[in-house]
Amino acid sequence: MEFYSTQNKNLRVSFKDAVFNSMPLDKGLYMPESIPRLSSRFIDQIEKYNLPEIAFEVASALLQNEIPSETLRKLIEDAVNFEAPVVKLDNSTYVLELFHGPSLAFKDFGARFMSRVMSYFLQADEPLLDVLVATSGDTGGAVALGFLGVPNTRVTILYPKGKVSPIQELQLTTNGQNIRAIEIEGTFDDCQALVKQAFADEELNLKLRLTSANSINIARLIPQTFYYFNAYAQLKRKGVEQVTFAVPSGNFGNIGAGLLAYRMGLPVKQFIAATNVNDTVPRYLESGIYQTKPSVPTYANAMDVGAPSNWVRIMDLFHNDMEAVKTMIKAYRFTDEETLNGMKAIFDKYNYIACPHTAIAYLATERYKSENKTNDETTVFLSTAHPCKFPEVFPVEMAAKIEVPAQVRDLMHKPKQSEQLAADFNVFKAYLMQF
Ligand SMILES: *Cc1c(COP(=O)(O)O)cnc(C)c1O
């Protein structure tokens, strides 16, 4: 399978090049040259397969022989080694929990698969890969834990000192091995500026093989299709034949993967894009005018995105047919006040604690059902993170009921390992050059 740029379909590269370039020079995004359809024999019997088996089928169809079969199978078994259960709330409402991986967020699927794909392509005595990431919280943890112990790679994470949650900081700073955390005396924007400068610095690029492993990488998108198929398999065991998915959306990678799964043959009735007040896509579907805007901080901060980078992929999947996009995707936005009320409502109604991002997807399913008077339509909203990552957003009595999973409790005994640096490029560069 070759990959083209959404800006220029004649530009074709191998999977390996798409993974290491991350983005084509023309600033488009990589997409598979054709969308394979899974056989109806496989879809009809999907309930017989488990998550790694389903992942292998889907990845084989998408990648064809870019990675040898047996290698791909082992890579997936190693990358996707945790569950993604569908939990029933009532007869037509389910939640797909994507937070059972090491960083307790759905980004683990993308980061773990991408790190192993990179390591595979690096095997034949190529130089060590240096991954630089700036994080405001969630991405850094998934990337750090995704690359932890992966051969031929080294990760340097920059985060703003004092500005990530306690659990996020534990996930960034207690790893050791091939992971280094740097606390920058500054803001997230300072961290991002330092990383950008490093990529543009000639001397650094001569000495180190730098990559950003960022969220638009095609190797992060592909594994996110796996759990949509696997959710359908779980529901099919309960007699459900068609599903509506509601997805908390920021950069629109998660829902983009769902739409890719749909184009590959997954029986989906409807996608619901749920956003906070950073509502570029809901406004676009209403008005037909695509207008990005600077992001506004909200409780669901991993969705504070004013210019969703994966939207071009979605338009590409629908051959830029706006009517087709509007038919398949309904979009709703919610304020912080509504989000908080949503978190309380799920708790009161189902005794279920959902993180703010997840609560927005729940609110969107409720609104969709009431607008369309389809109370018995099977809807699944995606839970993108464990609530313990955002304790400060919950009312105290709810916060007290959040159970902290074992993988985080274990981190609490580990010493914090981090370097403190000023937000100064020369200081950062000197730090990188010494290794
Ligand atoms: C990244 C993230 C999102 C947004 O996902 P996109 O793929 O960027 O749309 C939603 N929720 C959580 C918890 C996240 O970390």
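Things worth noting here:
- Boolean, Ser212 is over 28 Å from Pro387 (Cβ atoms), within 16 Å of the ligand (Cβ to nearest atom) and among the polar types (S, T, N, Q): yes
- Cβ separations smaller than 7 Å between residues 6+ apart or across chains give the following pairs from the stretch 1-20 residues that are within 23 Å of Val131 (Cα to Cα) to residues that are buried (at least 16 other Cβ atoms within 10 Å of the Cβ) and charged (D, E, K, R): Val13/Glu2; Ser14/Glu2; Ser14/Glu66; Phe15/Glu66.
- Among the residues of the stretch 370-390, those identified as more than 21 Å from the chain's Cα centre (by Cα) and in contact (Cβ under 8 Å) with a residue 60 or more places away in the chain are Asn375, Asp376, Glu377, Thr378.
- Within the stretch 272-314, the set of residues being part of a helix (DSSP H, G or I) and in contact (Cβ under 8 Å) with a residue 60 or more places away in the chain comprises Asn301, Ala302, Val312, Arg313, Ile314.
- Among the residues of the stretch 246-284, those identified as within 13 Å of the ligand (Cβ to nearest atom), modelled with pLDDT of 95 or more and within 14 Å of Gln224 (Cα to Cα) are Val247, Pro248, Ser249, Phe252, Gly253, Asn254, Ile255, Gly256, Ala257, Gly258, Leu259, Leu260.
- Among the residues of the stretch 23-59, the one identified as under 19 Å from Leu260 (Cα atoms), surrounded by fewer than 20 Cβ atoms within 10 Å (Cβ to Cβ) and in contact with a Ser or Thr (Cβ under 8 Å, 6 or more places away or on another chain) is Gly28.
- Residue within the stretch 179-202 that is within 22 Å of Asp17 (Cα to Cα), buried (at least 19 other Cβ atoms within 10 Å of the Cβ) and not hydroxyl-bearing (Ser, Thr, Tyr) present: yes
- Qualifying residue in the stretch 112-134 (condition: under 30 Å from Phe394 (Cβ atoms), in contact (Cβ under 8 Å) with a residue 24 or more places away in the chain, within 14 Å of the chain's Cα centre (by Cα) and not in a loop (DSSP other than H, G, I, E, B)): yes
- The condition (being among the small types (Gly, Ala, Ser), in contact (Cβ under 8 Å) with a residue 12 or more places away in the chain and within 15 Å of Phe113 (Cα to Cα)) is satisfied by just one residue among Ser60, Ser40: Ser60.
- All positions within the stretch 410-435 that are assigned to a helix (DSSP H, G or I) and surrounded by 12 or more Cβ atoms within 10 Å (Cβ to Cβ): Leu411, Phe425, Val427, Phe428, Lys429, Tyr431, Leu432, Met433
- When residues of the stretch 377-409 are limited to those that are under 30 Å from Val240 (Cα atoms), assigned to a loop (DSSP other than H, G, I, E, B) and more than 12 Å from the ligand (Cβ to nearest atom), the one modelled with the lowest pLDDT: Glu377
- Only one entry of Lys373, Lys369, Lys349 meets the criterion of being out of contact with any Lys or Arg (no Cβ under 8 Å at 6 or more places or on another chain) and crowded, with 17+ Cβ neighbours inside 10 Å, and that entry is Lys369.
The values are calculated or read from the model by the stated rules, or taken from the named source; none is laboratory data. Predicted model only: the values in this text are computed from it and were never measured. Note: ideal-geometry Cβ built from the backbone for every residue, glycine included; neighbour counts use all protein chains shown.
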